[in-house]
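Engineer: One structure coming up, written as structure tokens, with questions to follow.
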Protein chains: 2
Amino acid sequence: MSDTDVAAWAALLRVHAALVPLIDRELQAACGLPLTWYDVLLELNSAPDRRLNMSDLGDVALVSRTRASRVVDQMVAAGLVTREPNPDDRRSAYATISEAGRARLRAAAPAYLASIRRHFTSRMTPAESATVAAALRKVLADPPGDSDQASAVPPAV
Amino acid sequence: MSDTDVAAWAALLRVHAALVPLIDRELQAACGLPLTWYDVLLELNSAPDRRLNMSDLGDVALVSRTRASRVVDQMVAAGLVTREPNPDDRRSAYATISEAGRARLRAAAPAYLASIRRHFTSRMTPAESATVAAALRKVLADPPGDSDQASAVPPAV
DNA sequence: TCAAATAATGTGCGTGCGCACGCATCATCA
DNA sequence: TGATGATGCGTGCGCACGCACATTATTTGA
């Protein structure tokens, strides 16, 4: 019964474990960009004013807020991003994608897409990939906040 | 065009990033088992003779071969697994799930399934989860070996 | 107006993780 | 049998990652 439930989850874990290091290495070999950096550039580029503060970047990208702060430092050193203070809230800092960052993103996109296609999307039908995208997006859409110990499974021990 | 291609992949990355730490914490709170340990127990339990050498464990489970060696050490210390030399090949070592390990696995399974259901499968229709499982399994089935620099994207720089 | 609560950030620290390497063992072949 | 390459394994090492905490700034409430 619940065997089919866990099957999708298990397959997701396996695919992630198999493909992320692979695609990361390919992307890095092709354009010197770690997958994490690519994702940060992507999110910044599509954000309003092409910038995001650390908290929002941590929410939307694949890095945590804590890690975002350090990754942005490295990307600033690499010239892909600039750090700017927010004049309206001096606690926060904006990470803004630079022109060089946009150029790198544009240059890397074809290789990234090719990797995804080669290892992932090409192995399924268009209908399947559409269903996968739709289903996984529904998972993300819901508020995952009900997960505190309050309503969670009572400790079995 | 290729926008729909990347959508499924991006959603997979996001779902993994959002749910794995969540489910890991829940599993650990409910039964003191990290997700990694649970997966190792699961694979060992379903392996022939309930045992696997380090290489095979690294192949099939969510840990790398290198990491498997250390995780098995910890799980031996916790009494969930035993390390046994392979008499037929003295280079290799078997990790065998212990009775205590099987008991822990059985005890943890309901909490794990509940977490998966609550955060993942319950957000999609049965047809969707079946399609997700089938599609992702096809991704895993294929030989991913063609990824060497040989046939990969020529370095753009 | 000002103190207390809240929020955004940066950082020390411990842990997880895999690569590169070396050791021991096995397989092959002359 | 003896030498050479291949294989399985464990470990030193460095990087990635997130938690807990301190700091600074903003907001709230009386």
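The values are calculated or read from the model by the stated rules, or taken from the named source; none is laboratory data. As the structure is a computational prediction, the values presented were derived from the model and not from experiment. Every residue, glycine as well, gets a Cβ built from its backbone with ideal geometry; the counts of neighbours run over all protein chains shown. Ligands, DNA and RNA are stripped out before the accessible areas are found, and what is left, the full protein with its side chains, is counted by its heavy atoms. Shrake-Rupley method; radii C 1.70, N 1.55, O 1.52, S 1.80 Å.
Engineer: Pick from A:Val40, A:Val72: which is surrounded by 17 or more Cβ atoms within 10 Å (Cβ to Cβ), β-branched (Val, Ile, Thr) and either within 27 Å of A:Val139 (Cα to Cα) or within 13 Å of chain B (Cβ to nearest Cβ) (or both)? Lay out the reasoning, then the answer.
Structural biologist: Details: A:Val72 fails: either within 27 Å of A:Val139 (Cα to Cα) or within 13 Å of chain B (Cβ to nearest Cβ) (or both).
Exactly one of A:Val40, A:Val72 is surrounded by 17 or more Cβ atoms within 10 Å (Cβ to Cβ), β-branched (Val, Ile, Thr) and either within 27 Å of A:Val139 (Cα to Cα) or within 13 Å of chain B (Cβ to nearest Cβ) (or both), namely A:Val40.
Engineer: Please enumerate the residues belonging to the stretch A:76-92 that are within 11 Å of DNA strand D (Cβ to nearest atom) and under 17 Å from A:Glu43 (Cβ atoms).
Structural biologist: In the first step, residues of the stretch A:76-92 are kept if they are within 11 Å of DNA strand D (Cβ to nearest atom); the result is A:85-92.
The one that is within 11 Å of DNA strand D (Cβ to nearest atom) and under 17 Å from A:Glu43 (Cβ atoms): A:Ser92.
Engineer: In the stretch A:106-131, how many are open to solvent by 40 Å² or more (accessible area, probe 1.4 Å) and outside any helix (DSSP H, G or I)?
Structural biologist: 1
Engineer: For the stretch A:8-28, give me each residue that is within 15 Å of DNA strand D (Cβ to nearest atom) and free of Cβ contacts under 8 Å to residues at least 60 places away in the same chain.
Structural biologist: A:His16, A:Ala17, A:Val20, A:Pro21, A:Asp24, A:Arg25, A:Gln28
Engineer: Would you call B:Gly79 touching a Gly at 6+ places or on another chain (Cβ under 8 Å) and surrounded by 19 or more Cβ atoms within 10 Å (Cβ to Cβ)? It would help to see each step written out before you state the result.
Structural biologist: Numbers: touching a Gly at 6+ places or on another chain (Cβ under 8 Å): yes; surrounded by 19 or more Cβ atoms within 10 Å (Cβ to Cβ): no.
No; evaluated as a whole, the condition is false for this residue.
Engineer: Kindly indicate whether B:Arg65 is of a type in the set (D, E, K, R) and open to solvent by less than 60 Å² (accessible area, probe 1.4 Å). Steps first, answer last, please.
Structural biologist: On the way: of a type in the set (D, E, K, R): yes; open to solvent by less than 60 Å² (accessible area, probe 1.4 Å): no.
No, not satisfied.
Engineer: Something else about it: Answer yes if at least one residue in the stretch A:86-105 is within 16 Å of DNA strand C (Cβ to nearest atom), buried (at least 19 other Cβ atoms within 10 Å of the Cβ) and aliphatic (A, V, I, L, M), and no otherwise.
Structural biologist: yes
Engineer: Among (1) without any contact (Cβ under 8 Å) to a residue 40 or more places away in the chain; (2) more than 13 Å from DNA strand D (Cβ to nearest atom); (3) more than 13 Å from chain A (Cβ to nearest Cβ), where does B:Asp56 come up short?
Structural biologist: Just one mismatch for B:Asp56, condition (2).
Engineer: From the residues in the stretch A:17-28 that are at the interface with another protein chain (Cβ under 7 Å from one of its Cβ atoms) and within 12 Å of DNA strand C (Cβ to nearest atom), which one is least open to solvent (accessible area, probe 1.4 Å)?
Structural biologist: Going residue by residue through the stretch A:17-28, those that are at the interface with another protein chain (Cβ under 7 Å from one of its Cβ atoms) are A:17-18, A:22, A:26.
Next, only the ones that are within 12 Å of DNA strand C (Cβ to nearest atom) stay: A:17-18, A:22.
Working: A:Ala17: 45, A:Ala18: 48, A:Leu22: 23 Å².
It comes out as A:Leu22.
Engineer: Among residues belonging to the stretch B:39-58 that are under 13 Å from the mean Cα position of the chain (by Cα) and within 12 Å of DNA strand C (Cβ to nearest atom), point out the one that is nearest to A:Ala134 (Cα to Cα).
Structural biologist: My answer is B:Asp39.
Engineer: Select from the stretch A:132-149 the residues that are at the interface with chain B (Cβ under 7 Å from one of its Cβ atoms) and open to solvent by 40 Å² or more (accessible area, probe 1.4 Å) and write down the one among them that is modelled with the lowest pLDDT.
Structural biologist: We begin by selecting, within the stretch A:132-149, every residue at the interface with chain B (Cβ under 7 Å from one of its Cβ atoms); these are A:132-133, A:135-140, A:142, A:144, A:147, A:149.
Of the ones still in play, those that are also open to solvent by 40 Å² or more (accessible area, probe 1.4 Å) are A:137-138, A:140, A:142, A:144, A:149.
Values: A:Arg137: 95, A:Lys138: 95, A:Leu140: 93, A:Asp142: 72, A:Pro144: 56, A:Gln149: 39.
Here the residue is A:Gln149.
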